[in-house]
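A.B. asks: Quick one: the structure is below, and I'll ask about it shortly.
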Amino acid sequence: MADRLLQANGITKVYGSLAPTVALNDVTVSLDHGEFVSLVGQSGSGKSTLLNMLGLLDTPTSGEVRLDDLKTNDLGKRARAGLRNRRLGFVFQFHYLLPEFSVLENVLMPTLISGDNKADALSYGHEVLELLGLSGLENKSATELSGGQKQRVAIGRALMNKPALVLADEPTGNLDTTNTDQVFRLFRQINKDLGTAFLIVTHDRRIAQQTDRILEIQDGKLIQDVLSPV
Ligand SMILES: Nc1ncnc2c1ncn2[C@@H]1O[C@H](COP(=O)(O)OP(=O)(O)O)[C@@H](O)[C@H]1O
Ligand SMILES: [Mg+2]
């Protein structure tokens, strides 16, 4: 299917061998280009594990993950990392900004690593900062920012390589309601303006209900996959 971005077939993830934990149990799910989806479930239900599998950060015990119709299970570590850097962006609960670098340098970090054209990266970096309402803060140290601003810089960093999909694991978990709403509005705007697909892990039902599709996981099983009523 032309619109298919990501396809996971029968993914099972077992952690440990002496006292094994089945974190994911035969999960099949797919994401199309440009979708705006949330993933909900109780603490310990397997949300982060699923995100890590779909984001090629970890490999399943069994089952396959296809990205751009490529069987990622067959790829070596380095090829998987390359695919991840080119196609995916990540936002976590904690921002992981580098404190000794400026806002602009933090946003540009992925392009410094991938060795892109410097002038193009710089101009796109400014564009991204503007989109996130961070213009004027380019030269500030990351430590001088508020919590909401830091998370927006982290979002900017995730966008630098123009990912087809952003995977966000409880991205507003450390933010108050005002900043939560702002981050969420930005996700939606990026989704509309750039066509970026989003998979957002949240335990906030109010947030989940504003996405186009809700996945729910319980004890490692996908128990719901529904389009939101508009
Ligand atoms: N690295 C790990 N090693 C062992 N068990 C893990 C590991 N990561 C997660 N788990 C276990 O897998 C289950 C699912 O965890 P997780 O995916 O983090 O859930 P959630 O993100 O929904 O809170 C939990 O029982 C958790 O304790
Ligand atoms: Mg988690």
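The values are calculated or read from the model by the stated rules, or taken from the named source; none is laboratory data. Quick caveat: nothing in here was measured; it's all calculated off a predicted structure. A quick note on method: Cβ atoms are made from the backbone with ideal geometry, for glycine too, and the neighbour counts reach across all protein chains shown. Ligands, DNA and RNA are excluded from the accessible area calculation, which covers all protein heavy atoms including side chains. Shrake-Rupley method; radii C 1.70, N 1.55, O 1.52, S 1.80 Å.
A.B. asks: Whenever you get a sec, line up Leu194, Leu18 from highest to lowest accessible area (probe 1.4 Å, protein heavy atoms).
C.D. replies: If we order Leu194, Leu18 from most to least accessible, we get Leu18, Leu194.
A.B. asks: Follow-up. I'd like the projected area of the range 4-227, averaged over all directions, using the convex hull of its alpha carbons. Report it in nm² with one decimal.
C.D. replies: 12.4 nm²
A.B. asks: Another question, then. So, in nm, how far is label Ser141 from label Lys192 when the simple model puts each one 7 Å beyond its Cα toward the Cβ?
C.D. replies: Between Ser141 and Lys192, the simple spin-label model gives 3.8 nm.
A.B. asks: Rolling a 1.4 angstrom probe over the protein chains, ignoring ligands and nucleic acids, what is the accessible area of Ser48 in square angstrom, nearest 10?
C.D. replies: Ser48 has an accessible surface of roughly 50 Å² with all protein chains in place.
A.B. asks: Could you compute how much accessible surface Thr21 exposes when probed at 1.4 Å, giving the result in Å² to the nearest 10?
C.D. replies: 80 Å²
A.B. asks: Explain nothing, just the number: relative contact order of the range 4-227, from Cα pairs under 8 Å at least 6 residues apart, as a whole percent.
C.D. replies: 30 percent
A.B. asks: Continuing with this model, one more query. Given a cut-off of 29 Å, name the pairs among Lys140/Lys162; Lys162/Lys221; Lys13/Lys71 whose C-alpha atoms lie farther apart than that in the structure shown.
C.D. replies: Going by Cα-Cα distance, Lys162/Lys221 fall outside the 29 Å limit.
A.B. asks: Among the aspartates and glutamates, which have Cα under 20 Å from the Cα of Lys192 when same-chain residues fewer than 8 positions away are ignored?
C.D. replies: Asp3, Asp32, Glu35, Glu127, Glu130, Asp181, Asp212
A.B. asks: Top to bottom by accessible area (1.4 Å), largest first, where do His203, His33 land?
C.D. replies: His203, His33
A.B. asks: Arranged from highest to lowest average of other beta-carbon atoms within 10 Å per residue, in what order do the peptides 49-57, 130-138 appear?
C.D. replies: By packing density, highest mean first, the sequence is 49-57, 130-138.
A.B. asks: Can you give me the accessible area per residue for the range 117-230, using a 1.4 Å probe, in Å²?
C.D. replies: Accessible area per residue, the range 117-230: 48 Å².
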